[in-house]
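Structure, as structure tokens:
Please treat every number below as a calculation from the coordinates, not as lab data. This one's a predicted model, so the numbers in the text were calculated from it and none came from an experiment. Cβ atoms come from the backbone with ideal geometry, glycine included; neighbour counts cover every protein chain shown.
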Amino acid sequence: LTFSSQNINGQLFLFFVVSLGLYQLMSPILAALRAGCMLLCTSVVTGICRILVMISLSLKFNNSQMLMIAFALPTCLACMILLFVVIPNLLNGFSFSPRLDFKVLKSIRRYSLLSYVSNVLHDLPYQLFPQYISNQIGPASTAYFYIAWNFFNLITTLGNSFSLSMFVEGSYRVNKVNELTRKNIIAVILLTGTIALTIFLLATPLLLLFGEDYANYG
């Protein structure tokens, strides 16, 4: 084994992708088990730990490798706690024992493939737009744009959360799908509109939290 910088970055990237992929798998599992409070607590604690670890490591190590570790390590630890402690308590008889079951893969491949393709197509503009801004007007302007862009993402995430909840509840109460759909659409429109209007009216004070330049150019 050679421990070049390129190899270390590659290994960290694999660790980052696997841990984040597992964490994203845990979220819908908790939602399916109707453990919304646990999902909220896990997300909040993991997010706080990421920030604290990143701040701690950045004070001593000023490089991208440490930042990647700081983001991935709390995520990986959260996955381990969910897999071995939380989910076994929520799901009777569950024990984590990984194995490859081709029958299961065959039964879900069509749905999973279509779901994956649709998610990629949905997320692609969100990922490409900041890159486009950077190429057109430079990285400095992208920094100002990215903060404002995250406020937009904050609003649109609300609809995703409601849709996941509706998917779960609709699975439990099939006869109530139409009613749940109608209530969710109304709730999303009202909440999204309220938050969007609030951010629109308070845009300058909110951006001032990140600095005067962000308020001026964001």
*Contact order normalised by residue count of the stretch 92-218, Cα under 8 Å, 6+ apart, percent*: 23 percent
*asked:* Can you compute the charge dipole magnitude of the stretch 13-118 about its Cα centre, using +1 on each Lys and Arg Cβ and -1 on each Asp and Glu Cβ, nothing else charged? Give it in debye, rounded to the nearest 20.
replied: 300 debye
*About the Cα centre of the stretch 63-218, how large is the charge dipole given +1 on each Lys and Arg Cβ and -1 on each Asp and Glu Cβ? Please answer in debye to the nearest 20.*
860 debye
*Anchor LYS176: aspartates and glutamates whose Cα lies under 17 Å away (excluding residues fewer than 8 positions away in-chain)*: none
*asked:* Name the residue from TYR132, LEU22, THR46 whose Cα lies farthest towards the positive end of the charge dipole of the chain, charges +1 on Cβ of Lys and Arg and -1 on Cβ of Asp and Glu.
replied: LEU22
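Are there DSSP H segments in the chain that both extend 24 Å or more along their axis (alpha-carbon positions) and score a mean Kyte-Doolittle hydropathy of at least 0.5? List them, or say none.
On the way: long enough: 5-32 (41 Å, 1.09); 36-60 (37 Å, 1.74); 64-81 (26 Å, 1.82); 102-137 (51 Å, 0.03); 139-172 (49 Å, 0.55); 177-201 (35 Å, 1.37).
Span-like helices in the chain: 5-32, 36-60, 64-81, 139-172, 177-201.
Kindly state, as a whole number, the per residue volume in cubic angstrom of the convex hull around the alpha carbon atoms of the stretch 122-214.
Expressed per residue, the convex hull around the Cα atoms of the stretch 122-214 is 100 Å³.
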*Could you name the lysines in cross-link range of LYS60, using Cα to Cα under 25 Å and dropping any fewer than eight places away on the same chain?*
none
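What is the chain's relative contact order, in percent, from Cα pairs under 8 angstrom and six or more apart in sequence? Display every interim value, and only then the final one.
Numbers: 118 pairs, mean separation 37.2, N = 218.
Averaging sequence separation for qualifying contacts and normalising by length gives 17 percent for the chain.
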*Once Lys and Arg get +1 and Asp and Glu get -1 on their Cβ, which of SER171, PHE13, GLY193 lies farthest toward the positive end of the dipole of the chain?*
SER171
_P(r) weight above 31 Å for the chain, C-alpha pairs, percent_ = 35 percent
